[in-house]
Structure formats: C-alpha cells, structure tokens
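Data first, discussion second: the structure below is written as structure tokens.
Every read-out reported here was derived from the displayed coordinates using simple, explicitly stated rules and does not represent laboratory data. Quantities reported herein were computed from a predicted structural model and do not represent experimental measurements. Don't worry about glycine lacking a Cβ; one is built from the backbone with ideal geometry, like all the others, and counts go over all protein chains shown.
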Amino acid sequence: KSLIIIIIGTGAGKSIAFILPALYSTGITIIVVPLVLLQKNLKNYYIKAGIKYVKWDS
C-alpha cells in the first residue's frame, strides 16, 4: 500500500480514484464528499453501476 496524490483539473476524472475501490472491494468503502453536486453525481453513477450505497448527512 502506498500514498497516491492526484492533481488534475476540474472534470478530468478524479472521482474514479474512489469509485474503483467501491467497484472492486468486497468490503465497505467510506467516501466523504463535501460538495452537494458531486454527491448527486456519485449517487447517479452508483445507481447505474448497481453499487449499493447509503448517504449520511447532517
């Protein structure tokens, strides 16, 4: 295991860095998403990909 730093522009696909563990992991993946628009985009992606998810917010 090693540290990975991703520095790329807006809309370049950084989300794939935390979508892949959810796709290929047999365990639970926890993702903290601070932006509402990104939360909605991820929800739509997970629904299309058939990935089970739970949203917690305050």
- [ ] Could you list, in sequence order, all residues of region 24-44 that are assigned to a loop (DSSP other than H, G, I, E, B) and not aliphatic (A, V, I, L, M)?
- [x] Ser25, Thr26, Gly27, Thr29, Pro34
- [ ] Kindly list, by first and then second residue, each pair from a residue in region 26-40 that is surrounded by 10 or more Cβ atoms within 10 Å (Cβ to Cβ) to a residue that is charged (D, E, K, R), limited to pairs with Cβ atoms under 8 Å and residues at least 6 apart or on different chains.
- [x] Gln39/Lys55
- [ ] Read through the list (1) in contact with a Lys or Arg (Cβ under 8 Å, 6 or more places away or on another chain); (2) surrounded by 10 or more Cβ atoms within 10 Å (Cβ to Cβ); (3) assigned to a loop (DSSP other than H, G, I, E, B), then give the number of the only condition that Gly13 fails.
- [x] (1)
Task: Among residues of region 45-58, those that are in a helix (DSSP H, G or I) and either surrounded by 10 or more Cβ atoms within 10 Å (Cβ to Cβ) or hydroxyl-bearing (Ser, Thr, Tyr) (or both), counted - done: 4
